[in-house]
Amino acid sequence: MRYALLLFALFAAAPVFGQSEPWTPAQLMKPEVLASRITASQTQNLLILSVGPDAVIKGSVDIGPTRDQANVEKLKTYLKTVSREKEVVIYCGCCPFDKCPNIRPAFRVLNEMGFKKARLLDIPKNIKVNWLDKDYPSVD
Amino acid sequence: MKKILVFLTAWTLAGVAQGQETLVGKPAPDITAPTPAGPALSLSSLRGKVVLIDFWASWCAPCLQEQPALKTLYRQQLNEFVRDGSFEILGVSLDKNRENWVRAIERLGTPWPQVSDLKFWKSPIAKTYGLEGLPFNVIVSRSGHVIAADLHGDALRDFLLQQLRSHR
């Protein structure tokens, strides 16, 4: 029984420390933080990019799902002229991080291109539950 | 020790239970949305059959992974019930992009009816059915009531077989 519990604990914790991610915990941005900045119009130095199925967040740019290489190239092209000092937030929201095929390729691009303030919107479940249902600013 | 195991099981299944509580036992809200060919299709037009409503999207990786199992269900395990008109699957997509939706159906080769209002998570259908994440499904009885929700794999197959055989 003790062995079974140990296995269960390892299984449950695997997504947390089982693999290294291209982002650090400090690079995660809480949805409420981004929402309050949009609401307060404090987005002059902020670029918000959707790398998932739909750009539902107000003011965000629709790159498209970056599981597709064509959209990875689109992201690189879009970022070419953007200052590396600019804060860039990417989000997907299709599903929890461990199942999302879009955020990792996109975040690697930010790292490779040298963006010093790269951020990932911290969406534990999906964009509906963690953004739309909270009435955060979205595209009508 | 038993208490700990009960807690762990309940914790694991918490998300599943949430969906079932709100839907099961109630009349299934009607769904009317365009098919890939254009004309709209309604859930109510399938009344009299047991219907598995499969909520999915081309952008949902776990949904795509589940489609081959649903095809096996439809073409093999439950095919006799499909042929005698007592069972149907209705695919309801939360896609936004029509091209992605249609291309995914073609690539997957899913033979059952498909509809989508192409409104992503803003779809009124998602709201009506209280969807909190994908994949998700609902089983509707011949009389149009929700009799189960969020069943997958062997549990889904066994439940459908039991339902379909019990009404012969």
What do you reckon, is B:Glu106 outside any loop (DSSP other than H, G, I, E, B), among the acidic types (Asp, Glu) and surrounded by fewer than 22 Cβ atoms within 10 Å (Cβ to Cβ)? yes
Can we say B:Asp154 is among the acidic types (Asp, Glu), assigned to a helix (DSSP H, G or I) and over 18 Å from B:Leu46 (Cβ atoms)? yes
In this structure, does B:Tyr74 turn out to be within 13 Å of chain A (Cβ to nearest Cβ), at pLDDT 95 or above, in contact with a Pro (Cβ under 8 Å, 6 or more places away or on another chain) and over 20 Å from A:Pro65 (Cα atoms)? no
Of the conditions (1) within 14 Å of another protein chain (Cβ to nearest Cβ); (2) on the phi < 0 side of the Ramachandran plot; (3) small (Gly, Ala, Ser); (4) surrounded by 14 or more Cβ atoms within 10 Å (Cβ to Cβ), A:Ala70 satisfies every one except a single condition; which number is it? (4)
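So which residues in region A:106-129 are in a helix (DSSP H, G or I) and over 11 Å from the mean Cα position of the chain (by Cα)?
Quick first cut of region A:106-129, residues in a helix (DSSP H, G or I) only: A:106-112, A:127-129.
Scanning region A:106-129 gives A:Arg108, A:Val109, A:Leu110, A:Asn111, A:Glu112, A:Lys128, A:Val129.
When you look at B:Val82, is it under 22 Å from B:Ala28 (Cα atoms), among the β-branched types (Val, Ile, Thr) and touching a Phe, Trp or Tyr at 6+ places or on another chain (Cβ under 7 Å), yes or no?
yes
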Which listed residue, of B:Glu132, B:Glu88, B:Glu66, B:Glu80, is modelled with pLDDT under 95 and of a type in the set (Asp, Glu): B:Glu132
Considering region B:77-103, residues that are within 14 Å of chain A (Cβ to nearest Cβ) and crowded, with 21+ Cβ neighbours inside 10 Å, and then whichever is nearest to the chain's Cα centre (by Cα), we arrive at B:Ser93
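The values are calculated or read from the model by the stated rules, or taken from the named source; none is laboratory data. Just so it is clear, the model here is predicted, and its values are computed rather than measured. Cβ coordinates were reconstructed from backbone atoms using ideal geometry, including for glycine residues, and neighbour counts include every protein chain displayed.
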